[in-house]
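K.L.:
Sending over a structure as structure tokens; questions will come in a sec.
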């Protein structure tokens, strides 16, 4: 036995404690059941009918989402800690889980009609998609470095295979390989940072890590830099963005949409949770630790530079793209930059703004990748030339795409505008309160300038659609009713959020916990609130 | 510096050098053999820190199972091209020098370890199988479950990427399918 550890529970009691906490795990267990069922049922399908299993995947997502909404009031009341503080289910993680599930649901529906995936065995595809979603949800909920890394790696591994799922396509395989190489390096660097962190803190728990932040040390900053490599890889932020354009272009379009929304959001969610106590944002159960001023400023400067580089680089390179998927890849890099900029503000408003922004961004990106897929299905190209004169082919499609692009620029009336507005408000708020106001104001100006740059390439597509005659070389695009309906819904949502944003701001406020003070934390799977000490070298027999 | 620290640093040096040699090895079989040396070095490091069980696991699982499997795969893949490989000619003497030195140093290190064990030098903090089991299956049971999921998707991914029948089927579908 490990001495000093409060493992005084009998086996029976320990099992009971664990089981009692399982009600918070239900949504995730449904997903696991979905993964296994998809695999097994797929064995009994012929290749031609393999697409059928998508129904199981959809049902699993739906079931999981429903049970999560049932969990929502509970966690809003008091967060649930599970598995000796390994996972925390608070509104933040439950919100992100729901977000991932909805996005996955949409990606599955678009996968069903994708021509790039047609005629393939789909069992593995949906199993991997659900696994990725599960690990993304765990990533947003992990409170423990081991679980953080494990879910990070699960998400990465399933994304690698998904990116190269069409393995007979050269660019698909190439993109997958690039993704693996970059991912391996990034997660290697991150793992190094994690092991250093464990060496310094002597505990795997995030709240102990946060305590460490209150003591000024340069090595802690080094750890943060190393960890940023992993987070930036998932967010596709400069300088770990190199994989994004190639993978976005080479992967099947539904997978690209998935990577640009779920994978990126998971990266942001884990970073937001990890950095919250150090940035002074009380994200539910976490205690806020005062980081020494110099260390905090150094960390913020790092984020500042990262944000500036990311958005500027993304926007400038996007100007020269002719492939819609590459263009959206660079645009999504730029959007990661905007969100990183908001995190620099390190206040509650910034956290809310990022959550809000992500919803707006997800609607626009899922919609645009779906539009690219629809156009590719008819015209056989992802080139922007395929958008030429689209308004003659299908006015509804063209109008919806225009609204979604408008939202990505961040012009009113669109959800993207509200998102950017809240981001800038968070920064300005912090600037007013801070003694180094220009630090924040300059960032706002850079972000504004970047929005203007992005105007050029987004409007370029709208111009192609509206003011040019369709190319006679390419076939006419005839989207199905479902496709037009789906895209029109996305566009309507974008406008609706601008007109009535209150529910979404309420939701983002609830998700980041500024409204609900935490009264108590329900902990299951542990006796005292302190877990057994980790297996360290110093433990005596 | 205690005897165990000496063992640790020697093993660490060997592990780092061998891992570097993996990167610079001229052919895959040599690289795998260097990897084997590196893993033995890591095992000794674990041992010197008191993790005897982890050290054994390192050898049984990594060196014994994974690397040998790896070796088999390389041998199977390269079997047709073996004649063309100039690298696979018997190594010259200077080429042999590095692995021999590494192995000798590692053996000497192992000798020190055995001597230390015989002399009763121990770190006094041996981590037992029970302790590892307790930690894994109580504190980190969620991690263990998630690791099983990692293995599952590893399996699915390998199955997907490796299935040849599917590949030919797809080629036909592609020829008349996409434009």
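K.L.:
So how many residues does the range A:431-444 have that are surrounded by 13 or more Cβ atoms within 10 Å (Cβ to Cβ) and under 16 Å from residue A:308 (Cβ atoms)?
P.N.:
Counting residues in the range A:431-444 that are surrounded by 13 or more Cβ atoms within 10 Å (Cβ to Cβ) and under 16 Å from residue A:308 (Cβ atoms) gives 7.
K.L.:
Same structure again: Quick check on the range B:118-130: of everything there that is out of contact with any helix residue (DSSP H, G or I) (no Cβ under 9 Å at 6 or more places or on another chain) and surrounded by 11 or more Cβ atoms within 10 Å (Cβ to Cβ), which residue is farthest from the other protein chains (Cβ to nearest Cβ)? Can you show your working first?
P.N.:
Step one: list which residues in the range B:118-130 are out of contact with any helix residue (DSSP H, G or I) (no Cβ under 9 Å at 6 or more places or on another chain), which gives B:118, B:120, B:124-125, B:130.
Add one more test, that the residue is surrounded by 11 or more Cβ atoms within 10 Å (Cβ to Cβ), and what stays is B:125, B:130.
On the way: B:125: 6, B:130: 7 Å.
Per the stated criteria, the residue is B:130.
K.L.:
Tell me, yes or no, whether the range A:96-116 has at least one residue that is touching a strand residue (DSSP E or B) at 6+ places or on another chain (Cβ under 9 Å), surrounded by 23 or more Cβ atoms within 10 Å (Cβ to Cβ) and on the phi > 0 side of the Ramachandran plot.
P.N.:
Initial filter on the range A:96-116 (touching a strand residue (DSSP E or B) at 6+ places or on another chain (Cβ under 9 Å)): A:97.
When the remaining residues are screened for being surrounded by 23 or more Cβ atoms within 10 Å (Cβ to Cβ), the result is A:97.
Keeping just the survivors that are on the phi > 0 side of the Ramachandran plot gives none.
The answer is no; no qualifying residue exists.
K.L.:
Regarding the range B:136-145, can at least one residue be identified that is away from chain A (no Cβ under 11 Å) and not in a loop (DSSP other than H, G, I, E, B)? Full working, then the answer.
P.N.:
Residues of the range B:136-145 that are away from chain A (no Cβ under 11 Å), as a first pass: none.
No, every residue in the range B:136-145 fails to be away from chain A (no Cβ under 11 Å) and not in a loop (DSSP other than H, G, I, E, B).
K.L.:
Next question. I'd like the full set of residues that are surrounded by fewer than 18 Cβ atoms within 10 Å (Cβ to Cβ) and farther than 11 Å from residue A:388 by Cα, limited to the range A:474-483.
P.N.:
Let us first name the residues in the range A:474-483 that are surrounded by fewer than 18 Cβ atoms within 10 Å (Cβ to Cβ), namely A:475-476, A:478, A:480-482.
Matches in the range A:474-483: A:475, A:478, A:480, A:481, A:482.
K.L.:
Further question on the same structure: State the number of residues belonging to the range A:16-61 that are in contact with a helix residue (DSSP H, G or I) (Cβ under 7 Å, 6 or more places away or on another chain) and not in a helix (DSSP H, G or I).
P.N.:
Summing the residues that are in contact with a helix residue (DSSP H, G or I) (Cβ under 7 Å, 6 or more places away or on another chain) and not in a helix (DSSP H, G or I) in the range A:16-61 gives 1.
K.L.:
Only one of B:17, B:39, B:33 is touching a residue at least 40 places away in the same chain (Cβ under 8 Å), in a helix (DSSP H, G or I) and closer than 26 Å to residue B:116 by Cα. Can you tell me which? Reasoning before the result, please.
P.N.:
On the way: B:39 fails: touching a residue at least 40 places away in the same chain (Cβ under 8 Å); B:33 fails: closer than 26 Å to residue B:116 by Cα.
Checking each option against the conditions leaves just B:17.
K.L.:
Provide a single number: the residues in the range A:108-144 that are within 11 Å of chain B (Cβ to nearest Cβ) and either closer than 30 Å to residue A:209 by Cβ or within 20 Å of the chain's Cα centre (by Cα) (or both).
P.N.:
Qualifying residue count for the region: 16.
K.L.:
Go through (1) under 30 Å from residue B:131 (Cβ atoms); (2) at pLDDT 85 or above; (3) surrounded by fewer than 18 Cβ atoms within 10 Å (Cβ to Cβ) for residue B:2 and report which single condition fails.
P.N.:
Checking residue B:2 against (1) under 30 Å from residue B:131 (Cβ atoms); (2) at pLDDT 85 or above; (3) surrounded by fewer than 18 Cβ atoms within 10 Å (Cβ to Cβ), the one that fails is (2).
K.L.:
Which of the residues that make up the range A:200-227 are farther than 21 Å from residue A:86 by Cα and not in a helix (DSSP H, G or I)?
P.N.:
Result: A:214, A:215, A:216, A:217.
K.L.:
For the range A:117-150, give me each residue that is assigned to a helix (DSSP H, G or I), in contact (Cβ under 8 Å) with a residue 24 or more places away in the chain and in contact with a strand residue (DSSP E or B) (Cβ under 9 Å, 6 or more places away or on another chain).
P.N.:
Of everything in the range A:117-150, those that are assigned to a helix (DSSP H, G or I), in contact (Cβ under 8 Å) with a residue 24 or more places away in the chain and in contact with a strand residue (DSSP E or B) (Cβ under 9 Å, 6 or more places away or on another chain) turn out to be A:138, A:141, A:145, A:147, A:148, A:149.
K.L.:
Shifting gears a bit: Tell me, yes or no, whether the range A:180-201 has at least one residue that is within 11 Å of chain B (Cβ to nearest Cβ), without any contact (Cβ under 8 Å) to a residue 60 or more places away in the chain and surrounded by fewer than 21 Cβ atoms within 10 Å (Cβ to Cβ).
P.N.:
First, the residues of the range A:180-201 that are within 11 Å of chain B (Cβ to nearest Cβ): A:180.
So of that shortlist, the ones also without any contact (Cβ under 8 Å) to a residue 60 or more places away in the chain come out as A:180.
The next check asks that each one be surrounded by fewer than 21 Cβ atoms within 10 Å (Cβ to Cβ); those that pass are A:180.
Within the range A:180-201 (the criterion being within 11 Å of chain B (Cβ to nearest Cβ), without any contact (Cβ under 8 Å) to a residue 60 or more places away in the chain and surrounded by fewer than 21 Cβ atoms within 10 Å (Cβ to Cβ)), the answer is yes, since at least one residue qualifies.
K.L.:
With respect to residue A:13, determine if the residue is at pLDDT below 90 and within 14 Å of chain B (Cβ to nearest Cβ).
P.N.:
Details: at pLDDT below 90: yes; within 14 Å of chain B (Cβ to nearest Cβ): yes.
Judged against the criteria, residue A:13 is a match.
K.L.:
To continue, here is another question. Do the conditions hold for residue A:321, that is, is it part of a loop (DSSP other than H, G, I, E, B), at pLDDT 85 or above and in contact with a helix residue (DSSP H, G or I) (Cβ under 6 Å, 6 or more places away or on another chain)?
P.N.:
On the way: part of a loop (DSSP other than H, G, I, E, B): yes; at pLDDT 85 or above: yes; in contact with a helix residue (DSSP H, G or I) (Cβ under 6 Å, 6 or more places away or on another chain): yes.
When the stated conditions are applied, residue A:321 passes them.
The values are calculated or read from the model by the stated rules, or taken from the named source; none is laboratory data. Here the structure is a predicted model, which is why all the values come from computation and not from measurement. Please note: Cβ atoms are built from the backbone with ideal geometry, for glycine as well, and neighbour counts cover all protein chains shown.
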